[in-house]
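Input: a single structure, listed below in structure tokens.
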Amino acid sequence: MVVTRFAPSPTGYLHIGGLRTALFSYLWAKKNGGKFVLRIEDTDKARNSEEATQAILKAFAWLGLEADGAITYQSQRDAIYKKYIDQLLKEGKAYKCYMSKEELEALREEQIANKQRAKYDGRYRDFDGTPPAGVEPVIRIKAPTSGAIVVNDGVKGEVVFQAEDILDDFIIARADGSPTYNFVVTVDDALMGINEVIRGDDHLSNTPKQIVVYEALGFDVPKFYHVPMIHNQQGKKLSKRDGATDVMEYKAMGYLPEAMLNFLVRLGWSHGVQEIFSMQEMIELFDPKDINKSASIYNTEKLDWLNAHYIKNTPNDQLVELLHNFDLVLTSHDKKEVLLDALKERAKTLKELSEMAKEILNAPNEYDPKGVKKAFKGDAIEILETFKAKLQAANNLHLPTDYHHLIEEVVNEKEIGFGKIGQPLRICLLGKLGGPGLDVVMAIIGKEETRKRIEQALKALA
Ligand code: GLU
């Protein structure tokens, strides 16, 4: 059974890069009928925050990424780590090192001066003398000093690390007894039965060390997939400026979870030229062998495009619900269907949809001077008066087409183009040029409100 995991450190918010590997891991587990588990790597007591853990869980809930089984918290597993450290000590695969910070620093300086790689020199590896007094030892693992460590990476292919170039007997437990990162990740992955690890390629350099730990403990090494980073349009690592850092900010900006997931899956993975993927399709089609070998590019326009697609395809009753978060309550508005049908075709985000709706529902409190100048030329006022008279005389105005006929009548009678009435009418109703069809706007606000807005504008602009 395939068991994957997401193992965030709760030191900051969950960002796009983390979430993407979480999604890949989730999809791969689901596709294989396996398990996707969540492990919170909260060992860094100084930098952890409960808030960040909650932010991760919230983001998962928002996106519908449900982890299987209980969440594992590393902070609760000290006894387990200690057990395995003791085991390695007992088996002679790890040892106590009494080197002081000063000694280590001196060694480092000497190596650098000799143009050597700075690394621990193994001086306590076979030590059986009397330990120096007053020094709390660290525990180091016996790492191979020669030969190669080969990672058969599912994305990168065979990656060969020469032990001599990258390893030393690295620390697995600090002087205070706390285990180190590469040690706990390995113990947990092994004990949790994780057999496929999909993570960012910023972790590739940790992998040979983790393999050393797997082998020392006699655990099977999982299959690794190191996913290339996400870059901005300039080809640099994603920074705060390129988009929101916290995934939940996307929710606040009015992105739909479906759009977010679809956007994420395409960051570094593709299936032919297909762009739109439902969750079901993602699960069916995702395969880490199709993860791109080069960095993916974060592109806001793409996210907007996807979001527009999903907004368009969201049923109106669901949109009504979602728009509550954007300060728009349409629940009992009798023209909500007309309004949403018109706006969901145009909005890139829920926030934008809400703003566009408010621009229609609320009478303008100012008139764009440029628009006014452009629209109120020649006999604009007379045309508006004619329209208003027809409006007042008309009965049974309900649908956009009813209002459209009214406009048509004026156009025909006066032998003018649509713009001649459309532009000044737009200013009256919306305060500016542009926006959705006027027939739609009038059908939404109704006859009385249309009349009022024309009068109000004529007064204000007289
Ligand atoms: N906790 C690590 C991080 O947040 C990830 C560990 C891993 O995926 O192996 O970067």
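For Leu406, neighbours were defined as the other residues whose beta-carbon sits under 14 Å from its Cβ, and their charges (Lys and Arg +1, Asp and Glu -1) total -1. Sum -39500 (n - 2.57) across every DSSP H segment of at least 4 residues in the chain, then divide by the residue count to get the 222 nm mean residue ellipticity, nearest 500. Computed mean residue ellipticity for the chain: -14500 deg cm²/dmol.
In the calculated pair-distance distribution of the range 204-307, the portion above 22 angstrom amounts to 44 percent of the Cα-Cα pairs. Once C-alpha pairs closer than 8 Å and six or more residues apart are averaged by separation and normalised to the residue number of the range 187-243, the relative contact order reads 38 percent. I want the local charge near Gly422. Using Cβ-Cβ distances under 12 Å, sum +1 for each Lys or Arg and -1 for each Asp or Glu among the other residues. Once positives and negatives cancel, what remains is +1. Backbone geometry of the range 226-234 corresponds, through the Karplus equation with coefficients 6.51, -1.76 and 1.60 at θ = phi - 60°, to 3J(HN,Hα) couplings of 9, 8, x, 5, 9, 10, 7, 4, 8 Hz, x marking Gly and Pro. Using the Karplus relation 6.51 cos²θ - 1.76 cosθ + 1.60 with θ = phi - 60°, the per-residue 3J(HN,Hα) values for the range 275-286 come to 10, 9, 10, 7, 4, 4, 5, 4, 5, 5, 9, 5 Hz, with x marking Gly and Pro. The calculated FRET efficiency for Leu191 paired with Asp290, based on their beta-carbon distance and R0 = 35 Å, is about 0.70.
The fraction of Cα-Cα pairs per 10 angstrom bin, counted from 0 for the range 6-147, comes to 10, 25, 23, 24, 15, 2 percent, rounded to whole percents.
Rounded to the nearest 20, the Cβ-based charge dipole of the chain about its Cα centre (Lys and Arg +1, Asp and Glu -1) stands at 620 debye. Here the relative contact order of the chain, from alpha carbon pairs under 8 Å that lie six or more residues apart, stands at 13 percent.
Within the shell defined by Cβ-Cβ distances under 15 Å, the residues around Lys237 carry a net charge of +1, with Lys and Arg each +1 and Asp and Glu each -1.
In vacuo Debye scattering of the range 391-437, one point per C-alpha: log10 I(q)/I(0) at q = 0.15, 0.21, 0.30 Å⁻¹? At q = 0.15, 0.21, 0.30 Å⁻¹ the computed log10 ratios are -0.41, -0.80, -1.19.
Principal axis extents of the Cα atoms in the range 216-370, from largest to smallest and rounded to whole angstrom, are 71, 35, 34. Candidates Val221, Ile283, Met260 compared by Cα position along the dipole of the range 167-324: farthest toward the positive end lies Met260, with charges placed on Cβ. Counting every C-alpha pair in the range 333-431, the share spaced more than 17 angstrom apart comes to 60%.
With a Förster radius of 41 Å applied to the beta-carbon distance between Glu110 and Glu275, the computed FRET efficiency rounds to 0.15.
Amide H contacts of Tyr255: Leu350, each under 5 Å away and 5 or more positions distant or on a separate chain (H built 1.01 Å from N in the peptide plane; Pro and chain starts excluded). Each residue of the range 357-372 was assigned a 3J(HN,Hα) from its phi angle through the Karplus expression (A = 6.51, B = -1.76, C = 1.60, θ = phi - 60°), giving 5, 5, 5, 7, 6, 9, 4, x, 9, 8, 10, 4, x, 4, x, 4 Hz with x at Gly and Pro.
Normalised by 2.2 N^0.38 Å, where N is the number of residues, the alpha-carbon radius of gyration of the range 127-218 equals 1.22.
Using alpha carbons only, how many degrees (0 to 90, rounded to 10) separate the axis of helix 50-63 from the longest principal axis of the chain? Rounded to the nearest ten degrees, it is 50.
Of Ala347, Leu57, Tyr95, whose Cα points farthest to the positive end of the dipole of the chain (charges on the beta-carbon: +1 Lys, Arg; -1 Asp, Glu; origin at the Cα centre)? Going by the charge dipole, the pick is Ala347. Over the chain, all Cα pairs binned in 20 Å intervals from 0 give whole-percent P(r) values of 20, 37, 23, 14, 5, 0, listed from short to long. Measuring only protein heavy atoms, the 1.4 Å probe finds His398 accessible over about 100 Å². Solvent exposure of the range 339-462 amounts to 50 Å² per residue of accessible area, where only protein heavy atoms count and the probe is 1.4 Å. Take the Cα of Ala148, step 7 Å toward its Cβ, do the same at Gln162, and the gap between the two points is 1.1 nm. One compactness figure for the range 379-462 is 0.96, namely its Cα radius of gyration divided by 2.2 N^0.38 Å.
The values are calculated or read from the model by the stated rules, or taken from the named source; none is laboratory data. Just so you know, these numbers come straight off a predicted model, no measurement behind them. Please note: Cβ atoms are built from the backbone with ideal geometry, for glycine as well, and neighbour counts cover all protein chains shown. Heavy atoms of the whole protein, side chains included, go into the accessibility calculation; ligands, DNA and RNA do not. Shrake-Rupley method; radii C 1.70, N 1.55, O 1.52, S 1.80 Å.
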